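What follows is a short report on a single structure.
Values quoted throughout were computed directly from the atomic coordinates according to the rules given, and no laboratory measurement underlies them. Quantities reported herein were computed from a predicted structural model and do not represent experimental measurements. Every residue, glycine among them, receives a Cβ derived from its backbone with ideal geometry; neighbour counts consider all protein chains shown.
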């Protein structure tokens, strides 16, 4: 089993975390940040793939950096990070006392 195989499990885990956090705190912030993390992760993955696909002169990475594996892996991990960040932000917002003025 390779790291890429495990990283693809991050997206379903992120969706589960976002749904549970959204229901628990009654906010859509975790789901929103899940999608933001997915977009940012896919952009970073695309840039990483492009960098590895066209390396500098004299740099050889081998064949393990072929294809769009980078885009999918980074997007999945980005979704999980976004969901965790969203759950944390929504939880902090809920726990912050509001003034009654």
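Once both labels are positioned 7 Å from their Cα atoms along Cα-to-Cβ, the gap between residue 13 and residue 92 label points is 2.2 nm. At full extension, residue 46 and residue 85 could sit 11.8 nm farther apart than now, given 0.36 nm per residue minus the alpha carbon distance.
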